[in-house]
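So the structure is just underneath, and the comments pick up after that.
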Number of protein chains: 2
Amino acid sequence: MAVTAVGRGRSEALPPVDRDHRWLDDDERAAWMSLLRIVSRLPPLLDSQLERSSGLNFFEYTILAMLSEEPDGTLRMSRLASVTNASPSKLSHAARQLEARGYLVREPDPDDGRCIRALLTGAGRDQVIQAAPGHVAAVRGLVLDALDPDQLRALREANELILMRVDPEGATDPEGTR
Amino acid sequence: MAVTAVGRGRSEALPPVDRDHRWLDDDERAAWMSLLRIVSRLPPLLDSQLERSSGLNFFEYTILAMLSEEPDGTLRMSRLASVTNASPSKLSHAARQLEARGYLVREPDPDDGRCIRALLTGAGRDQVIQAAPGHVAAVRGLVLDALDPDQLRALREANELILMRVDPEGATDPEGTR
């Protein structure tokens, strides 16, 4: 019985469970621990591979990659925050850094001047093109190649059920049409 | 075809695939996106629930919880970094903050004075006891209750296969006996 959700249940340090606060059983704890370890350990590896190869962290890479996938290389900042899973303030900070390095510019949206959009520059596009192969290889090597197609499908199914609670707006919009 | 691993494959912005750099197919992309969304969106929710209820972020809570599970409320810093999935420098920074708030002390390990250990204080233990029920409820509400036992088992299996690549030392030591 893992009384603190992260503990290993060795002691009786915490008060006994009540009906409203059931602790975790062994299977629940093991699943939760596996998810926590992924959440903690994977992002630093993605960061370090990208930083070594291209001087970008994973979030910066994601911003440039998402822009590069648009036919005109641009997205409104609000939309860019959504597709990069970031808060507006986190995106703002990173966009400022990327702008200073010449990889994107921010400007009023010609279709609605009240909105700001980010526009990939030529240098930004070159940077994504240079970084993408190594990043994709890391994603394969760390994650995708570990699983067979059934396991990959099961992982996606479980994650999407969790995301209906963790990110309900995004979960109803798998195609990113927001 | 998602040419940048995170993109939605709308354009032909990137060079064609070669044999060494296969891009992601639709199933791979969807699974990878689901994992990235979990990794990005879950930690802020755990942080904000704990910060509202107890003024701790999730990492700080984890440190105190792991110490509270030890019979004597203490772990060496090296071991504590491992069980909290943190780098030594990240742990050091957080431990300093927790020490300043009176929740733990750091001291030479009596068994080996070259090692530093962290020791939970009474105030630290009270803080975990107060925070744990709400945190466990959040873990259930956001993650565990979303899945039936088969789905939970499948998630754990997939995560553990990934962790053999992402965190191979930890993966061979599920009981935390390092």
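Throughout, read-outs are computed from the coordinates displayed, never taken from laboratory work. Just so it is clear, the model here is predicted, and its values are computed rather than measured. For neighbour counting, all protein chains shown are included, and Cβ atoms are generated from backbone atoms with ideal geometry for every residue, glycine included.
At an R0 of 45 angstrom, the distance between the Cβ atoms of B:E51 and A:A123 translates into a FRET efficiency of 0.70.
3J(HN,Hα) along the stretch B:148-161: 7, x, 5, 5, 5, 5, 5, 5, 4, 4, 5, 4, 5, 5 Hz, from the Karplus curve 6.51 cos²θ - 1.76 cosθ + 1.60 with θ = phi - 60°, whole Hz, x for Gly and Pro.
Placing a label point 7 Å from Cα along the Cα-to-Cβ axis, B:R153 is separated from the same position in the other copies by 1.8 nm, shortest listed first.
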